[in-house]
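**Student:** Below is the structure I would like to discuss, written out as structure tokens.
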Amino acid sequence: MKIWAHRGCSYRYPENTLSAFREALNYEITGIELDIQLSRDGQIVVMHDETVDRTTDHSGWLKDYTLAELKAMHIRGDDNEHVPTIREVLELIHDACVSRGILLNIELKNSEVRYDGMEQMILDLVREYGMEPYIIYSSFNPESVAMLKKMRPDLHVGALAEYASRCLEIAEAAGADALHPFIKRIDIPDLKTRTDKPVRAWNVTHFEPFYPDGGDIEVQDTAALEAAGITDIFTNAPELYVPRHG
């Protein structure tokens, strides 16, 4: 089973922050998953929610704030952390990607707010850092998935949806390279015979709390998941599945 740090080590550090990503690099993970959106002045920032209410000390739509305004916010649970740009993350993980083959799953958060041009912007930035071989893109927006594959057929793009069947449907229509379903919605009994694409499953807050909320983590039976056709999992607590690096 391949293990990904979901928004970094987000059970013990604030999600989608440099500290969560830095900690994730201390483990023998396959990769890191994060989410990107655009600030009001067109900068690519890393945050999951379309609003800043849950993870910062401010409120409102992320798209309505400039980068400087986002940087002035404090992250809930750690006043020393701030909203990172994707450029800062690429600089942080670049060497680990090159030396260890660590991958980065960039989820484009463009379903509720359609950030026009974000696809080309992130492709250009990844190219600037020479990190194309280490990047997987994904989105809940089928239009964005299809657009990425049309722009660059060689990109590795995952189809995100709640049900595995919907992921497969999107992948077949858009030419996506992987399925990214909810871990409890594997509704294709013969999934292994239906596709040879990677199946990377994600969980929800109820079963995997985010820092600083705390609570029990639902530890997965990886053998059972593999038997069901899941090849990878995104987890807030990769430290429960893999040893420390080195």
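**Student:** Taking a cut-off of 29 Å between Cα atoms, list the lysines near Lys192, but don't count ones fewer than 8 places away on the same chain.
**Tutor:** Answer for Lys192, where 29 Å is the Cα cut-off: Lys2, Lys109, Lys149, Lys150, Lys184, listed by chain and number.
**Student:** Give, as a single signed number, the net charge of other residues whose beta carbon lies under 14 Å from the beta carbon of Lys71, with Lys and Arg counted +1 and Asp and Glu -1.
**Tutor:** -4
**Student:** Turning to a different aspect of this structure: Report the full-extension gain for the segment His245 to Asp187: residue separation times 0.36 nm, less the Cα-Cα distance, to one decimal in nm.
**Tutor:** 17.4 nm
**Student:** Expected output is a single nm value to one decimal: the length gained when fully extending between Glu128 and Val98, i.e. 0.36 nm times separation in residues minus the C-alpha distance. What is it?
**Tutor:** The Glu128-Val98 span can extend by a further 9.3 nm.
**Student:** Translational diffusion coefficient of the chain at 25 °C, 0.890 mPa s, Stokes-Einstein with Kirkwood Rh over Cα pairs, in µm²/s as a whole number.
**Tutor:** Diffusion coefficient, whole number: 136 µm²/s.
**Student:** P(r) tail for segment 110-185, what percent of Cα pairs lie past 16 Å?
**Tutor:** Tail fraction, whole percent: 48.
**Student:** Still on this structure: Between Lys63 and Thr222, how many nm apart are label points set 7 Å from Cα along the C-beta direction?
**Tutor:** Inter-label distance under the simple model: 3.9 nm.
**Student:** Multiply the residue separation of Thr205 and Glu169 by 0.36 nm, subtract the distance between their alpha-carbon atoms, and state the gained length in nm to one decimal.
**Tutor:** 10.4 nm
**Student:** Another question, then. With an 8 Å Cα cut-off and a minimum separation of 6 or more residues, compute the relative contact order for segment 1-93 in percent.
**Tutor:** The normalised contact order for segment 1-93 reaches 26 percent.
**Student:** Select from Ala174, Ile186, Phe234 the residue farthest towards the positive end of the dipole of the chain; place +1 on Cβ of Lys and Arg, -1 on Cβ of Asp and Glu, and compute about the Cα centre.
**Tutor:** Going by the Cα projections, it comes out as Ala174.
**Student:** I want to check the label-to-label distance for Glu28 and Arg114. Put each point 7 Å from Cα in the C-beta direction and report it in nm to one decimal.
**Tutor:** The modelled label-to-label distance comes out at 4.6 nm.
**Student:** Sticking with this structure for a sec: Once the dipole of segment 38-84 is set up with Lys and Arg at +1 and Asp and Glu at -1 on Cβ about the Cα centre, which of His48, Gly77, Ser59 lies farthest towards its positive end?
**Tutor:** Projecting each Cα onto the dipole axis, the largest value belongs to His48.
**Student:** So, one more: Under 1.5 on a/c is rounded, so check that first for segment 1-135, then, if it is not, pick prolate when a/b is larger than b/c and oblate when it is not; a ≥ b ≥ c are the square roots of the alpha carbon gyration tensor eigenvalues.
**Tutor:** In terms of gyration-tensor shape, oblate.
**Student:** Moving on to the next point. Return the loop-located chymotrypsin sites (Phe, Trp or Tyr not before Pro) in segment 161-246 (DSSP other than H, G, I, E, B) with at most 10 other Cβ atoms within 10 Å of their own Cβ; answer none if there are none.
**Tutor:** none
**Student:** Lys and Arg at +1, Asp and Glu at -1: add these up for the other residues within a Cβ distance under 11 Å of Ile106 and post the number.
**Tutor:** Net charge in that neighbourhood comes out at -3.
**Student:** Follow-up. Scanning the chain for trypsin sites (Lys or Arg not before Pro) in DSSP loops with at most 16 other Cβ atoms within 10 Å, what's the longest stretch left with none?
**Tutor:** That would be 115-183.
**Student:** Still on this model: Treating the beta-carbon of each Lys and Arg as +1 and of each Asp and Glu as -1, no other charges, what is the dipole magnitude of the chain about its Cα centre, to the nearest 20 debye?
**Tutor:** The dipole magnitude comes to about 460 debye.
Quick note: the coordinates plus some simple rules give every number you see, no bench work behind them. Source: prediction; values computed, not measured. Here the Cβ is made from the backbone with ideal geometry for all residues, glycine too, and neighbour counts use every protein chain on show.
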